[in-house]
2 protein chains.
Amino acid sequence: MDAIKRVLLVGGTHGNELIGIHLVRKFEHRPTLVARSSFETLTLLGNPRAIEKGSRYIDKDLNRCFDFQAIQQKQQGHLYEIQRAREISQKFGSGGQLPVDLIVDQHSTTANAGIMLILDSLDTFTLKLVAYLNAINPDIKIYSSAKSGRKRDSLRSITNYRICIEVGPLAHGTLQSELFQQTEALVYGTLDYVERYNNGSTISLEKQSLTLYNYIGMVDYPRNQIGDIQATIHPQRQYQDYKAMNPGDPMFLTFDGGTITYQGDTTVYPIFINEAAYYEKGIAMVLTEKQNYTNRHFG
Amino acid sequence: MDAIKRVLLVGGTHGNELIGIHLVRKFEHRPTLVARSSFETLTLLGNPRAIEKGSRYIDKDLNRCFDFQAIQQKQQGHLYEIQRAREISQKFGSGGQLPVDLIVDQHSTTANAGIMLILDSLDTFTLKLVAYLNAINPDIKIYSSAKSGRKRDSLRSITNYRICIEVGPLAHGTLQSELFQQTEALVYGTLDYVERYNNGSTISLEKQSLTLYNYIGMVDYPRNQIGDIQATIHPQRQYQDYKAMNPGDPMFLTFDGGTITYQGDTTVYPIFINEAAYYEKGIAMVLTEKQNYTNRHFG
C-alpha cells in the first residue's frame, strides 16, 4: 500500500453530535494541532445546515446518503443531504478535487459506548491502526460493522480507509469534557499512527491481540399495531453495552411492567442500546458476537 | 377555593421528551388508570407535529408560546406552535370549551434533575400538593420558577393551578424505565391528592417542611465573538444539580483545558446543568437559592 497523502477529520455528520463539531472548529482554529510532516490533514463539518439547526439532519440522515445508486432508485436527489453528499463525494472522494486516503469521522451516542471505534472493513492497515490505538488506551471497544451494510452508504465510505469514533453515553445536543478529551486524544493518536506508517516505523504487533464485536443483527422495540413503542429497555440491560446477553435474559420492560426476555439461541453482546436516533430506524440495540483477533490475522 | 373539576395531563409539549408522550398514550388507552370520582381527567399531546418528527419543536418552542400579547408584538402568528398554542388555550383555558383547573405537564431533561417538580407560584393549594408528593417520595426536588417569567409563556400558564414534572438525566428522544415509572407514580399521586382535596381530606401538613430551590438567574457558556461555545461544563460540576456552588468553584472547562470558576458573591445551587435544549437559549445552568419552607408558610 502507498503512503497516506491526505487525511480528512470530520465532525457534524450529525448536526446534534457536538463533540466532533467543536473539535473540528478547534482544529480549524489551531491547525498545528493536527498537522503532521508526511501528509496533509483536512477538516470537514459534514452537515452545516443541521449543525445550525442543532438537529441530526434536515431531510435525511447524511450518514445514509452515500450509496448513490440506491439514492437514484429512490428518487431522493432533491433532498438537502443528498446534495450535500454529492458535494462531499465530488470534493474528497476518489477522482475528486482533494481525494483523501483516510477519513476519521467523529460521532457520539446516547448508548453507553464508552470509547468505541467502528471499522467497516478488516484490512491490515485498519487493524494495525486500531491495535495501535488500543495499545495506548486498553479501554477502547472495537466494533466491526463489516456485515451491516454501513460501508456502502456512510460518509466515510468515499475513501478506502476510514475509522469512526463513537463515544457515549452522551445526550445529543450536549457536550461532556471527558468524552471530548478522549475523542481528541484518539484523533491525535490516529494522526500519529499515520505518520509512523508513512515513515515505515509502525509498532510491531506480534504480541498484540484485539477483541472485535462483529455485527450480527438488530432488535427493534416491541410495538403495537400502529407502530407505537410499548416498552423501554429493561433496567438490567440499560447501559450494559458489550455485556453478554444470554437466552432468557431480560431485554425490555413493557409500559405495564412485564419483562420481555431475549429469545435467541446464542450469547450475544448488544451495543447501541437505547440510541436516540435509532428509535425511528426501528433499532433498540445492535447485536454483536465477540471475536478474539490475534496477531496471525494481521498478515 | 372551589373544588377541582377538571385535570389535564399533558405529554409531548416537547416532541422529543418521550416519557410524557408514552404515558399520555398509556392513559388514553387505559383511562381507568387516571379516572377519579370527584373530577374529570383529560389528556393532551401538546405538540403532535414535533412528536411525529421526534424533535423538540417545529418552528418555536411550544412551551414559550402562550404569552399571546408578546407573540402579537413579535408578529409570530404564522408559526405552527403559535397556532397550536391558540388551539390549546381556546380549548382548555379559562373561557374555553373544557376549561381545566389543574395542568400536570410531563417533561424530561438531560440534566441530572432526578425527580423535580416545577412550581410557578407558591399558592397554598400548590404547596400542599407538593408537600403531599414530597411526603410520599422524599427524594423529590422542588424548583420554584416564580421569578423566571415561565408562568407567563408556558403551556401550563393557561390554568390557575399547574405543576411541571421534570425528570432526568435522560437523553431527549429516549426512554428509561425508572424515570418512566417515577413520572407515572407522580401523576397518580397528584390525582390522588386532588381527590382528597375535593373530598376535604387532605393530609395535615403541620409537621411538614419543604426545601425550595428558587430561581435567581442563568449562566451561559463561554463563547467567542461569533457565538461559538468555547467550553464544556466542568467535570466537577457536571451532574451536580442542586449541589452548592461557592465563589471560586470550577464551573467550565475550556476546550483548551482551562478552568473557569464561579465569580458570584454567594453560594448558589445550579440546576438544569447541561440541558441540551438550553444551548440555543444561551443557558448552561440555572442558578437557584435554597429556601427552607416550614408549615407556617402553608397558611
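In summary, B:GLN238 fulfils each of the numbered conditions (1) in contact with a Ser or Thr (Cβ under 8 Å, 6 or more places away or on another chain); (2) of a type outside the set (Asp, Glu); (3) not in a loop (DSSP other than H, G, I, E, B) with the single exception of condition (3). The single condition among (1) outside any loop (DSSP other than H, G, I, E, B); (2) of a type in the set (S, T, N, Q); (3) closer than 29 Å to B:THR232 by Cα that A:THR126 does not meet is (3). Taken together, the residues in the range B:241-254 that are part of a strand (DSSP E or B) and either under 20 Å from A:ALA171 (Cα atoms) or not assigned by TED's automatic domain parsing to the domain that holds B:PHE272 (or both) amount to 4.
Exactly one residue among B:GLN83, B:GLN72, B:GLN97, B:GLN90 is in a loop (DSSP other than H, G, I, E, B) and more than 16 Å from the chain's Cα centre (by Cα), and that residue is B:GLN97. Scanning the range B:1-46 for residues that are crowded, with 24+ Cβ neighbours inside 10 Å and of a type in the set (Asp, Glu) turns up just one, B:GLU17.
When you look at A:PRO31, is it away from chain B (no Cβ under 12 Å) and either out of contact with any strand residue (DSSP E or B) (no Cβ under 8 Å at 6 or more places or on another chain) or of a type in the set (D, E, K, R) (or both), yes or no? No, not satisfied. Residues in the range A:204-231 that are in contact with a helix residue (DSSP H, G or I) (Cβ under 8 Å, 6 or more places away or on another chain) and touching a residue at least 40 places away in the same chain (Cβ under 8 Å) were compared, and the one that is nearest to the other protein chains (Cβ to nearest Cβ) is A:ILE229. Restricting the range A:243-290 to residues that are basic (Lys, Arg) and either touching a residue at least 40 places away in the same chain (Cβ under 8 Å) or within 14 Å of chain B (Cβ to nearest Cβ) (or both) leaves a set whose member that is surrounded by the fewest Cβ atoms within 10 Å (Cβ to Cβ) is A:LYS281. Quick one: would you say B:ARG152 is assigned to a helix (DSSP H, G or I), of a type in the set (Lys, Arg) and crowded, with 21+ Cβ neighbours inside 10 Å? For B:ARG152, the condition - assigned to a helix (DSSP H, G or I), of a type in the set (Lys, Arg) and crowded, with 21+ Cβ neighbours inside 10 Å - is not met. Against the definition (away from every other protein chain (no Cβ under 14 Å) and in contact with an Asp or Glu (Cβ under 8 Å, 6 or more places away or on another chain)), how does B:ASN198 come out, yes or no? It is false that B:ASN198 is away from every other protein chain (no Cβ under 14 Å) and in contact with an Asp or Glu (Cβ under 8 Å, 6 or more places away or on another chain). Checking the stated criteria, A:ILE103 turns out not to satisfy the condition of being within 14 Å of chain B (Cβ to nearest Cβ), outside any loop (DSSP other than H, G, I, E, B) and of a type in the set (Val, Ile, Thr). With respect to (1) crowded, with 17+ Cβ neighbours inside 10 Å; (2) within 14 Å of chain A (Cβ to nearest Cβ); (3) among the hydroxyl-bearing types (Ser, Thr, Tyr), the lone exception for B:THR190 is condition (2).
Applying the set (1) more than 21 Å from A:THR43 (Cα to Cα); (2) in a helix (DSSP H, G or I) to A:ASN112 leaves exactly one unmet item: (2). Given the criteria over 23 Å from B:GLY173 (Cβ atoms), under 24 Å from the mean Cα position of the chain (by Cα) and not assigned by TED's automatic domain parsing to the domain that holds A:LEU170, does A:TYR269 qualify? Yes: the conditions hold for A:TYR269.
Would you be able to say whether some residue in the range B:107-115 is among the β-branched types (Val, Ile, Thr) and within 14 Å of chain A (Cβ to nearest Cβ)? Within the range B:107-115 (the criterion being among the β-branched types (Val, Ile, Thr) and within 14 Å of chain A (Cβ to nearest Cβ)), the answer is yes, since at least one residue qualifies.
Please go through the range B:62-81 and give me each residue that is surrounded by fewer than 21 Cβ atoms within 10 Å (Cβ to Cβ) and either under 18 Å from B:VAL104 (Cα atoms) or free of Cβ contacts under 8 Å to residues at least 24 places away in the same chain (or both), ordered by number.
Looking only at the range B:62-81, we keep the residues that are surrounded by fewer than 21 Cβ atoms within 10 Å (Cβ to Cβ), and these are B:64, B:67-80.
Answer for the range B:62-81, where residues must be surrounded by fewer than 21 Cβ atoms within 10 Å (Cβ to Cβ) and either under 18 Å from B:VAL104 (Cα atoms) or free of Cβ contacts under 8 Å to residues at least 24 places away in the same chain (or both): B:ARG64, B:PHE68, B:GLN69, B:ILE71, B:GLN72, B:GLN73, B:LYS74, B:GLN75, B:GLN76, B:GLY77, B:HIS78, B:LEU79.
Kindly evaluate B:ILE51 against the criterion of being of a type outside the set (Gly, Ala, Ser), within 14 Å of another protein chain (Cβ to nearest Cβ), in a helix (DSSP H, G or I) and touching a Ser or Thr at 6+ places or on another chain (Cβ under 8 Å). So B:ILE51 fails the test. The residues on offer are B:LEU155, B:LEU170, and the sole one that is touching a Leu at 6+ places or on another chain (Cβ under 9 Å), under 22 Å from B:LEU9 (Cβ atoms) and within 14 Å of chain A (Cβ to nearest Cβ) is B:LEU170.
The values are calculated or read from the model by the stated rules, or taken from the named source; none is laboratory data. The shown structure was predicted, so the numbers you read here are calculated from the model rather than taken from an experiment. As a convention, Cβ positions derive from the backbone with ideal geometry for all residues, glycine included, and neighbour counts pool all protein chains shown.
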